[in-house]
Amino acid sequence: MAYTRLSDANEITARYMDSILIQERLIDSVTADISTEFFGERFDTPVMTPAFSHLGKYNGRELTGLEEYSVAAKNCNALNFCGMMENDMFQKIVDTGAKTVRIVKPYADNGKVRDQMQFAESVGAFGIGMDIDHIFGENGYDVVIGEEMTYQTSEMLHSYVTSTKLPFVVKGVLSVSDALKCADIGAKAIIVSHHHGRLPYAVPPMMVLPDIKAALQGKDVKIIVDCGISSGADVYKALALGADAAAVGRSMLPALEKDGALGVEKFIRSVGNELRFIMSSTGFAKVSEVDASLLVLLRYKI
Ligand SMILES: Cc1cc2nc3c(=O)[nH]c(=O)nc-3n(C[C@H](O)[C@H](O)[C@H](O)COP(=O)(O)O)c2cc1C
């Protein structure tokens, strides 16, 4: 029988998420509150923006896509993320007023890592972090748009944590082993992610989430999930399986391209509205209460 190999982690992730079904619990339920607390601040939604980079200006508009989605995050009172960029671009993102976590690349030039983290703190970033899933590439250490990356040890990560007063976020955690190391080095949050499928056959973040949640029990580490999140149902499943929040990513790009900040704002609100509807329909009044008791797993068919 013909058999197609399925190495694309994006597809494996989508299939896994779609194999999780939701029961209802309507009697005695009320309209849910989707606001949430993160690093001591109140946000109106657990839906976050992704750590994106390299988005230019769409349709001749004045702001880059990076600034436009940051404006949307601000208007939605959602936690904002951004990725690889130079300090002048990060300044523009901070200027939008969005509470932003800057994810710095694991540059081989460690001075650049430290400079970008210090700059972020000096101009009012909400948090800083690093995407550790961009260390390796097919020829050894990765090269991203001409810039070389390098290994990151626990000691290096710990030194970033102690160099700042800001919460430190490790992005690209996909195992209990790395999650525990993040807790040990003093990270305040992890993003469970395979960085849109960089690793062939990467486990779906939601599949590994319950184990990570259990391993981090009692430790002061928030859990965010990304990869393939495009609806309130996806965010609900992430919360139910152990996340505190979820970031939309490429799913917001059509709205961003077409309608800029307003489009992304509408998109984030619609994802939140669907989340509220599902939480209400499953009897969870608050984000922190959502658990996996009403999830049913279809047989995962490859
Ligand atoms: C255009 C683009 C740029 C990105 N740049 C970065 C980056 O600089 N740093 C980073 O940590 N992740 C970056 N990512 C990865 C996203 O933050 C996210 O992990 C990934 O897209 C998975 O989520 P998705 O499936 O919802 O898109 C980028 C993704 C895209 C599509």
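Largest first, what is the accessible-area ranking of PHE39, PHE168 with a 1.4 Å probe?
Numbers: PHE39 50, PHE168 0 Å².
Output order, biggest surface exposure first: PHE39, PHE168.
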Figure the gain on full extension for GLU41 and SER230 (residue separation times 0.36 nm, minus the Cα-Cα span) and round it to one decimal in nm. 65.6 nm
Segment 162-200-segment 31-75 distance, computed between alpha-carbon centres (Å): 20
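Which number do you get for Rg(Cα) / (2.2 N^0.38 Å) in the chain?
Values: Rg = 18.7 Å, N = 302, 2.2 N^0.38 = 19.3 Å.
Scaled against compact globular proteins, the figure is 0.97.
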Could you please report the charge total around GLY242, scoring K, R as +1 and D, E as -1 over all other residues with beta-carbon less than 10 angstrom from its beta-carbon? -2
Theoretical FRET efficiency, 1/(1+(r/R0)^6), r = Cβ-Cβ of ASN10 and ASN77, R0 25 Å, to 0.05: 0.25
On the accessible surface of segment 117-215, probed at 1.4 Å with all protein chains in place, carbon and sulfur together account for a percent value of 55
Taking the Cβ of ASN75 as the centre, find all other residues whose Cβ is under 15 Å away and add up their charges (Lys, Arg: +1; Asp, Glu: -1). -2
Suppose all protein chains stay in the model; what accessible area per residue would a 1.4 Å probe give for the chain, in Å²? 46
Membrane-span-like helices in the chain: DSSP H runs reaching 24 Å or more (Cα, own axis), mean Kyte hydropathy at least 0.0? 253-281
Tell me the mean residue ellipticity at 222 nm calculated for the chain from its helices only (DSSP H runs of n ≥ 4, each -39500 (n - 2.57), averaged over every residue, nearest 500). -11500 deg cm²/dmol
Using a Förster distance of 22 Å, the FRET efficiency for ARG250-SER19 (Cβ separation, nearest 0.05): 0.60
Expected output is a single nm value to one decimal: the length gained when fully extending between ALA215 and VAL296, i.e. 0.36 nm times separation in residues minus the C-alpha distance. What is it? 26.9 nm
What FRET efficiency comes out for the pair GLN118/ASP95, r = Cβ-Cβ distance, R0 = 22 Å, nearest 0.05? 0.75
What nm value, rounded to one decimal, do you get for the distance between LYS286 and LYS258 when each label is placed 7 Å out toward the C-beta? 3.7
Got a sec? Charge dipole of segment 9-297, +1 on Cβ for Lys and Arg, -1 for Asp and Glu; which of TYR107, TYR58, ALA245 is way out at the positive end? ALA245
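The values are calculated or read from the model by the stated rules, or taken from the named source; none is laboratory data. Everything numeric here is computed off the predicted structure, so don't read it as measured data. Note: ideal-geometry Cβ built from the backbone for every residue, glycine included; neighbour counts use all protein chains shown. Each accessible area value is taken on the protein alone, full model and side chains, heavy atoms only, with ligands, DNA and RNA left out. Shrake-Rupley method; radii C 1.70, N 1.55, O 1.52, S 1.80 Å.
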